[in-house]
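Read through the structure below, which is laid out as structure tokens, and then see the notes.
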Amino acid sequence: MFNDIGALELVALVVLAVLVFGPEKLPKMIQDVTRTIRKIREFSESAKADIREELGPEFKDFEFEDLNPKTFIRKQLDNDDLGLKEIRNGFDLKKEMAEVTDAVHGREAESASSSSSTSSASGGTVDMTKKREQLEPAERPPFDADAT
């Protein structure tokens, strides 16, 4: 319930409780708080039991935690009836990414050679990934219409 409270914070709360309620009333206050928490838990458990009873036997496996969307989705994805485990096991992300990378690098190499020949002849786009070669003295640099 209070998983994120540290030791120093707990000591500060105890000191504060002693100062506010006093050492005489503090044990009575702790008993009252624990009794109230116990009654609230009993009330919620009886309410859950009443709801399960009213839903009938077809909902005997119903858990209130399943109403949480994350829990519901996780439970449905772990269900073997849908065949999602076979799909998940059949999908190799590393292999797919390697194929995509190879295809992209293959297209870049092809497009770089074709764009360098067309850029010098027709004034096309410049391949920015390729290192610039030295221009011959009579050759004009390629013109990039998007850069101006």
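Things worth noting here:
- Paramagnetic reach from Val11 in segment 19-40 [backbone N under 18 Å; point 7 Å along Cα→Cβ]: 19
- Full extension of the chain between Ala49 and Leu135 gives 22.5 nm of extra length, using 0.36 nm per residue less the Cα-Cα distance.
- Pairs from Lys25/Lys48; Lys28/Lys48; Lys39/Lys60 whose Cα-Cα separation, in the structure shown, is over 28 Å: Lys25/Lys48; Lys28/Lys48
- Inter-site label distance for Lys94 and Arg35 at 7 Å from Cα along Cβ, in nm: 6.3 nm
A short reminder: the numbers here are calculations on the coordinates, not readings from a lab. What you see is a predicted model; the values in this text were computed from it and never measured. Glycine gets a Cβ as well: all are built from the backbone with ideal geometry, and neighbour counts include every protein chain shown.
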